[in-house]
Amino acid sequence: MEKELASILLMVMEEHDLQEINLCPMDALNALSKTRLRTDLTQIRKILKQDWKLENTSNSNRYEKFTLWENGSSNLPTTKGRYFTINKTFISGSF
């Protein structure tokens, strides 16, 4: 599941020419639900906090949430939430 999430994040970063991406666990769950993998929020939080050693923001802030569409494209609407920031070099180096 980690590899699939990393692959999705890298695809979105390359499509929108980003060096980092902000992500709430629910965003990851929605993205992974479009694949053959089934997971839950607890497992996603474990990956982000324990495995990837990321910290989320302390308060709800505005960020650009990525949304995947059925045709494989994505967009970045602005929303509010407690998000994790994931760097492109982290994903490229880890996976």
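Nothing in this text is a laboratory measurement; each read-out follows from the coordinates by a stated rule. Everything quoted here is computed from the prediction, not taken from an experiment.
Converting phi to 3J(HN,Hα) with the Karplus coefficients 6.51, -1.76 and 1.60 and the offset θ = phi - 60°, region 77-85 yields x, 7, 9, 10, x, 9, 10, 9, 9 Hz in sequence order, with x at every glycine or proline. Candidate cross-link partners of Lys80 among the aspartates and glutamates, defined by an alpha-carbon separation under 18 Å and a same-chain spacing of 8 or more, comprise Glu20, Asp27, Glu55, Glu64. The shape of region 1-55 can be summarised by an equivalent ellipsoid whose semi-axes, obtained from the alpha carbon gyration tensor, come to 18, 14, 9 Å from longest to shortest.
How big is the Kirkwood radius of the chain, worked out from every pair of different alpha carbons and given in Å to one decimal? Could the numbers behind the result be given before it?
Numbers: mean 1/r = 0.0747 Å⁻¹.
Mean inverse Cα-Cα distance, inverted, gives 13.4 Å.
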